[in-house]
Amino acid sequence: MKLSASVSTLATAISTATLLTTLPIASSIAQASAPAFTIDDALEQQVIDWRRDIHQHPELGNQETRTAALIAEHLESLGLEVRTGVAETGVVAFLEGGKPGPTIALRADMDALPVEEKNDLPFASQATATYNGKQVPVMHACGHDTHVAMLLGAADALAEMKDQLRGNVLFVFQPAEEGVYEAESWGAEQMLAEGAFDEHPPEAVFGIHVVSSLHTGQLGYRAGPMLASSDTFEIDVTGSQTHGASPWNGVDPIVTASQIVTNAQSIVSRQVDIRTPSVLTFGIFEGGVRENIIPENVTLKGTLRNFDMDIRDQVFASLDRMATSTAEANGAHAEAHLHEGYPVTVNDPELVNAMLPVARELVGEEDLVEVPMTTAAEDFSYYAQEVPGMFINLGVTPPDENVADAAPNHSPHFFVDEAALKTGTELFVNMALRYPDQVDS
Ligand SMILES: [Zn+2]
Ligand SMILES: [Zn+2]
C-alpha cells in the first residue's frame, strides 16, 4: 500500500511532560511539529472491504475459523511471523521493526453475538450458528468486525514501513470476548494461558472499541479504571418443604430469600465507600412448583459490577454474611458462591499520559473526550493486568445523529459509520510508531 506520510515527519517527539503541564500551547506545537501518520485512500477502502466481508460472515466465540483464516492469510502475505490456533481460533503475529526498540501489542477481538441484524445494508448478516444447542442468528452487534479490519489495516501500513519502525509490534487477534457459555475459559484469559505474550513479551498493550456513544472519529479515553469487573453470584437457600396451608410445619425459603434480596440493598448504599461505585443486581429468583406448596429450595442469582477488586471482595463478603445470617434468623440455611468474571479494565495512568498527545495529534483537542467509567466489562482487562494497557473508545455514530438516540452496542440496529475506520486504523499505527519516543524507551 502507498502511504501518505513519511516516517521521518513522525520522528520529532515532544516531551510528554511539556505537553501535560502546558497543554494548550504545547498541543498546537505538537500538531505542527509531529503530524500524525495517515493512511491513503486505497488502504482505507481495503479496511472497509475487510470490515464488510467480516460483517457479512460473523462467527460466534471460539467459532471464528473463517475470520481467523482471513487474518492469518493476510498477515502471512505481509511477511509476519504468524501463530494460529491460539485459544481455539486466535491469531498472534509478530512484526520486527528495522530499528531496535520495545515491543508493543495491539489487540482486536473477532467474535460476533447471537443477535439478528435489523440494519438494511447490502452486507447485512444473514448468518446463523449453534449457541447453547440452539440455532440462532448471528451479527457483529458489538463492532468487533471493525476491530479486526482496523488492526489488519494497521498491520498492512506498519509492515510497509517496517524498515523505519523503531521496535516491534505484536498483533493479537483473540476469539470470544463476549464469552462462551459452555467453556471453562476463553478469550483473552485463554490467549495469555496459551502464551500469546510469551515469545515476544510486549511492554504495553493497546486496544480500541467502537462505541455508539461518541460521534464518528471521536476518541474516548480514561486514565485508571474505565470498565467494571463483572462477576456473577449464586445464593442457594434451603428451607423445609411443607403444605402452603400450614407454614408453621416447615421453613419457608421464599420468605427467607425475599428478605435476603431486601437486606442486600443496604450493602452498596450503607457499607461500601461511595467514591468507588458498585452495582449489585439480582436477576434470577427461582423456586417452587405449585401455589400451595412451600418449596424446599430457592436459588438467587445476580451480577456484581465494580471498579476496584478489593471492593468487589468486600461486597461479596457482605452479601455472603447477609445471606447466611438472614437465613439463620429464619431457621433456614443459605450458601453464597461467587463466580469470577472479567476483572476491572484499568488504563495505566502513566501510559495514558504518555500516549494521549498521539491521540490528540490525530483527531485534535475537540474530538478527544474523557469518558466516564461504565459498568460494562471487557476482557482486555487481562492483558492490562500483565503489562500497562490503554483501551480507547472510537465513536461510530454519524455526525448528524444524536448519540443519545443511536442504537447501542449489542442492539440489532447497532450501526457503524465506516468513516471512523480510518481514524481507528491510524490510531493503531500512530501508537506503534510513536510509543518508543513518548515513553523514552
Ligand atoms: Zn460486546
Ligand atoms: Zn465488544
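Run the dipole for the chain about the Cα centre, Lys and Arg Cβ at +1, Asp and Glu Cβ at -1, nothing else charged, and hand back the magnitude in debye, nearest 20. Display every interim value, and only then the final one.
On the way: 22 positive and 63 negative charges, 125 e Å.
Approximately 600 debye in magnitude.
Do any trypsin sites (Lys or Arg not before Pro) in the range 286-342 lie in a DSSP loop with no more than 13 other beta carbon atoms within 10 Å, and if so, which? Write out the running numbers ahead of the final one.
On the way: sites: R290, K301, R305, R312, R321; in loops: R290.
Taking the range 286-342 and a limit of 13 other Cβ atoms within 10 Å, the loop trypsin sites (Lys or Arg not before Pro) found are R290.
Mind pulling the angle between the C-alpha long axis of helix 41-56 and the longest principal axis of the chain? Nearest 10 degrees, somewhere in 0 to 90.
20 degrees
In the range 229-339, carbon and sulfur make up what percent of the accessible area (probe 1.4 Å)? Before the final figure, lay out each step's value.
Details: 2910 of 5810 Å².
The C+S portion of the solvent-accessible surface of the range 229-339 is 50 percent.
Roughly speaking, what is the stretch gain from T65 to V279, that is 0.36 nm per residue apart minus the C-alpha to C-alpha distance, in nm to one decimal? Present the calculation step by step, with values, prior to reporting the outcome.
Details: separation 214, 0.36 × 214 = 77.04 nm, distance 3.62 nm.
Taking 0.36 nm per residue and subtracting the Cα distance, the gain is 73.4 nm.
Give the peptides 118-124, 348-354, 419-425 in descending order of average Cβ contacts within 10 Å, highest first.
Listed from highest to lowest mean packing, they are 419-425, 348-354, 118-124.
Using DSSP to call loops (not H, G, I, E or B), can you name the GluC sites (Glu not before Pro) in the range 176-268 whose Cβ has at most 14 other Cβ atoms within 10 angstrom? Please list the in-between numbers first.
Values: sites: E177, E178, E182, E184, E189, E194, E199, E203, E234; in loops: E177, E178, E182, E184, E194, E199, E203.
When the GluC sites (Glu not before Pro) of the range 176-268 are filtered for loop state and at most 14 Cβ neighbours within 10 Å, E182, E184, E199 remain.
Which three numbers, in whole Å and largest first, are the semi-axes of the equivalent ellipsoid of the range 322-413 derived from its Cα gyration tensor as √(5λ)?
Details: eigenvalues 306, 90, 25 Å².
They are 39, 21, 11 Å, listed from largest to smallest.
Using the basic label-point model (7 angstrom from Cα toward the beta carbon), what is the S246 to V136 distance in nanometres?
My value for the distance between the label points is 4.7 nm.
Using Cα positions and a limit of under 25 Å, work out the lysines in reach of K162, with same-chain residues fewer than 8 apart set aside.
The qualifying lysines are K2, K99, K422.
Taking a ≥ b ≥ c as the square roots of the eigenvalues of the Cα gyration tensor of the range 110-205, is the shape rounded (a/c under 1.5), prolate (a/b larger than b/c) or oblate?
Values: a/c = 4.13, a/b = 1.50, b/c = 2.76.
Since a/c reaches 1.5 but b/c is at least a/b, the shape of the range 110-205 is classed as oblate.
How fast does the chain diffuse by Stokes-Einstein, in µm²/s, taking the Kirkwood radius from C-alpha pairs at 20 °C and 1.002 mPa s? Display every interim value, and only then the final one.
Values: Rh = 23.5 Å.
Calculated translational D: 91 µm²/s.
Calculate the length of the line joining the C-alpha centroid of the range 179-258 to that of the range 98-115, in whole Å.
Here the answer is 23 Å between Cα centres.
Would you mind checking the tilt of helix 309-329 against the longest principal axis of the Cα atoms of the chain, expressed as 0 to 90 degrees and rounded to 10?
Here the helix axis deviates by roughly 10 degrees.
Provide, for q = 0.10 Å⁻¹, the log10 of I(q)/I(0) from a solvent-free Debye sum over equal Cα point scatterers in the range 229-339.
Scattering profile of the range 229-339, log10 relative to I(0): -0.30.
If a paramagnetic tag sat 7 Å from the Cα of M373 along the Cα-Cβ line, which residues of the range 310-339 would have the backbone N under 14 Å from that point?
Inside the label zone: 310-315.
What angle do you read, to the nearest 10 degrees and between 0 and 90, between the alpha-carbon axis of helix 349-363 and the longest principal axis of the chain?
Approximately 60 degrees, to the nearest ten.
Past the 14 angstrom mark, what percentage of all C-alpha to C-alpha distances in the range 292-340 do you count? Provide the component values of the computation, followed by the final result.
Numbers: 684 of 1176 pairs.
Of all Cα-Cα pairs in the range 292-340, 58 percent lie more than 14 Å apart.
What value, in deg cm²/dmol to 500, does the helix sum -39500 (n - 2.57) over DSSP H runs of n ≥ 4 give at 222 nm once divided by the residues of the chain?
Details: 11 runs with 146 residues, N = 441.
Theoretical 222 nm ellipticity from helices: -10500 deg cm²/dmol.
Please work out the Cα center distance from the range 134-164 to the range 343-393, rounded to the nearest Å.
Between the Cα centre of the range 134-164 and that of the range 343-393, the gap is 19 Å.
Relative contact order of the range 229-339, please, whole-number percent, based on alpha carbon pairs below 8 angstrom and at least 6 residues apart.
Numbers: 231 pairs, mean separation 47.2, N = 111.
RCO, the range 229-339: 42 percent.
So which GluC sites (Glu not before Pro) in the range 260-323 are both in a DSSP loop and have at most 11 other Cβ atoms within 10 Å of their Cβ? List each step's numbers first, then the result.
Numbers: sites: E286, E291, E296; in loops: E291, E296.
Those satisfying the criteria are E291.
Just want the answer: with Cβ charges of +1 for Lys and Arg and -1 for Asp and Glu, which residue in S318, I267, I294 is farthest toward the dipole's positive end in the range 227-328?
Value: I267.
Just check the range 259-315 against the gyration tensor rule for me: Cα atoms, a ≥ b ≥ c as the square roots of the eigenvalues, rounded for a/c under 1.5, and otherwise prolate or oblate depending on whether a/b exceeds b/c.
Working: a/c = 3.85, a/b = 2.72, b/c = 1.41.
The shape class here is prolate.
At 0.36 nm per residue, minus the direct Cα-Cα distance, what do E194 and E73 gain on full extension? Give it in nm, one decimal, please.
On the way: separation 121, 0.36 × 121 = 43.56 nm, distance 2.12 nm.
That works out to 41.4 nm of additional length.
Tell me, what is the per residue accessible area of the chain in Å², probe radius 1.4 Å?
On the way: 18650 Å² over 441 residues.
Counting only protein heavy atoms, the per-residue value for the chain is 42 Å².
The values are calculated or read from the model by the stated rules, or taken from the named source; none is laboratory data. Bear in mind the structure is a predicted one, so any value in this text is a computation, not a measurement. Here the Cβ is made from the backbone with ideal geometry for all residues, glycine too, and neighbour counts use every protein chain on show. The protein model used for the area step is the full one, side chains on, heavy atoms only, and it has no ligands, DNA or RNA in it. Shrake-Rupley method; radii C 1.70, N 1.55, O 1.52, S 1.80 Å.
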